[in-house]
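Reviewing the structure listed below.
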Amino acid sequence: TMMLPSLKTILQMELIGMPMDTEMIAKARAELETKEAAFLQVFKSSPTVQEYNLVLREQTMVKTNAKLKKKVHPLEAFDDVVLNPGSGQQLQGLLYEQMALPVIDYTDTGLPATGADTLEKLMNRTKDAQYLEILEALIGLSKVSKILNSFIPAFEKAIDKGDGAVWLHGNFNIGGTVSGRLSSNSPNLQNIP
């Protein structure tokens, strides 16, 4: 009684698509890239992150030199090793070792979580202004990166039908979830920010 009557509407949405404005997409990309650069600057300029970069360099040096038989590389050879804010493993080291924040969430594999929701919870677990600044930058970077990497490329690939707009076509999947709800992919039109 619900899915069958919605089939016609869903097919029309897939076939017609969603109109998009290319100028606004370009403007959104520029704004998001500016925000991303600002968050990265705050993150990279933090003394705590710079200290952890030294820890990462030392760990990489020890690991690399352990594989060598005679020749060893000095620490300066690893100046290019810096914290990648997209690496969950490196963020675990920064948050839970370097910053000594409490582990309050775990991933499905049992490792300490570093997702945006966890970072927001960690904001309530410290009063250190520098740590709060790092957490805010990581949260902002996570949100901006998701839009820049998931949605903007899909928007830019929208189809130009010659009517002054470009059209975004996604797929809707009736009963596409375990609970039987409607889902969407390529891109997920139900999850556009």
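Brief remarks follow.
- Dipole magnitude (debye, nearest 20) for the chain, charges at Cβ of Lys, Arg, Asp, Glu: 580
- Signed unit charges on C-beta, dipole axis of segment 24-106, positive-most listed residue L56, M99, S46: L56
- Span from the segment 69-87 Cα centroid across to the segment 1-54 one, whole angstrom: 33
- Where segment 8-162 is the region considered: accessible area per residue in Å², 1.4 Å probe: 63
- What you get for segment 132-177, charging only the Cβ of Lys and Arg (+1) and of Asp and Glu (-1), is a dipole of about 160 debye around the Cα centre.
- Heavy-atom accessible surface of the chain: percent carbon and sulfur, 1.4 Å: 55
- Estimated FRET transfer efficiency when R0 is 41 angstrom, pair N191-D128 (beta carbons, to 0.05): 0.75
The values are calculated or read from the model by the stated rules, or taken from the named source; none is laboratory data. Just so it is clear, the structure is predicted and the values come from calculations on it, not from any experiment. Note: ideal-geometry Cβ built from the backbone for every residue, glycine included; neighbour counts use all protein chains shown. Each accessible area value is taken on the protein alone, full model and side chains, heavy atoms only, with ligands, DNA and RNA left out. Shrake-Rupley method; radii C 1.70, N 1.55, O 1.52, S 1.80 Å.
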